[in-house]
Structure formats: structure tokens, C-alpha cells
């Protein structure tokens, strides 16, 4: 009887993941192409922050004032952070991050209900 209970419980848990609905997305940037997204500018840096453009094969040290295109990859090390301003919206880049600006814009828009002051 115990085995039957555990089998049923496991089947219920597995089916929950299959049939669970995703919450509605209020992110108007979810399906926007990267070339239609705005660029950003590095406003603050702390620690080791590197960037890699789509045209480059290597990471280079980021500097305050660098223009970051949506396809640029931002890489932060341990205890390293950056603030990238897109329009007037600051995007905080946490330690141990490896994302493109496009991914950061879309995540920020998703967490703020689609509100980015750069793109309204």
C-alpha cells in the first residue's frame, strides 16, 4: 500500500509540471529582435567586469562610458558589479553574471511589468 501511495504521489508531482500554466507575460520586449532594442552605457563599475561584442572573439576590460549594444555580453567576476543605463533606466549587473544586454533588458522589463523608461 505504501508503494502505491508513493507512486501516485510521484505521478501527481510529475503531472503538475507538465500541466501547470505559465503566468501571463506582460513583457512587450519578449519577442523584440536585438537590433530593435536600445544600446546602454556603463555608468558604474566595481571589480572585474568584462565585455565581448558580437564582432569580437575575446573579452576586454569594461570602462565607464563604454557603449553596450544589445548583443554585447557582459561578464562580472566575484564581488564585481556594474550599472548599465539604458535610456534613463539603470540595470544593475550582479556578481558572477554572464548575459547579453538584450537578456538583461528583457529580464528587467519582465520584472517591472514591461516598463522601461528608455523604450516607452
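The values are calculated or read from the model by the stated rules, or taken from the named source; none is laboratory data. The shown structure was predicted, so the numbers you read here are calculated from the model rather than taken from an experiment. All Cβ positions, even for glycine, are placed from backbone atoms using ideal geometry, and neighbour counts span all protein chains on display.
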Taking segment 62-93 and keeping residues free of Cβ contacts under 8 Å to residues at least 40 places away in the same chain, buried (at least 18 other Cβ atoms within 10 Å of the Cβ) and not in a loop (DSSP other than H, G, I, E, B) leaves 68, 73, 74, 75, 76, 89
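Within segment 33-61, restricting attention to residues that are closer than 20 Å to residue 88 by Cα and assigned to a loop (DSSP other than H, G, I, E, B), which residue is modelled with the highest pLDDT?
So the first thing to find is which residues in segment 33-61 are closer than 20 Å to residue 88 by Cα, and the list is 34-45.
Still in the running and assigned to a loop (DSSP other than H, G, I, E, B): 37-39.
Working: 37: 80, 38: 83, 39: 87.
The extreme case among them is 39.
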